[in-house]
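Asks: Take a look at this one; I'll ask things after.
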Amino acid sequence: MTAPDGLNDSDDKPGLLDRLRARMPWFDHVMAAQQRYSDSKGDFYAAGITYFTIFALFPLLMVGFAIGGFVLASQPELLADVQERVRSSVSGDLGSQLVELMDSAIESRTSVGIIGLLTAA
């Protein structure tokens, strides 16, 4: 069966996106950038970058905490000031627990730093 002449014209008409792209050059530019991103597998590369960034972040944080531990261990007055600020900012037993956690982190600063450096390499 053949369709009447008026029904086949919809195949030749440009769609909404085509009309918007023709009317607005900036929108055409955005759509072309999205197409290029899709053609060059941008999602794949973005996922890879995210994956490796997350795994690089933790060793760097470990090294940063180790450096902070060395600084606080070498300057007892700074450590006492930080501990006092933690106790005054956090009420109750939580402040004492945070100070104990800081003390244990300072005691293990060497091993944390070495592990962080080895895993960052």
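Laboratory data are not the source of any read-out in this text; all were calculated from the coordinates shown. Since this is a predicted model, take the numbers as computed values, not measurements.
Asks: Rounded to whole Å and ordered largest first, report the semi-axes of the equivalent ellipsoid of region 18-121 derived from its Cα gyration tensor (root of 5λ).
Replies: Equivalent ellipsoid semi-axes, largest first: 49, 20, 11 Å.
Asks: Hey, what number do you get for the chain at 222 nm if only DSSP H runs of n ≥ 4 count, each worth -39500 (n - 2.57), divided across all residues, to the nearest 500?
Replies: Taking each H run of at least 4 residues, the total per residue is -27000 deg cm²/dmol.
Asks: Under 10 Å, Cα contacts only: if you run a Gaussian network model on the chain, which one of MET102, MET62, MET31 comes out with the highest mean-square fluctuation?
Replies: Residue with maximal mean-square fluctuation among MET102, MET62, MET31: MET31.
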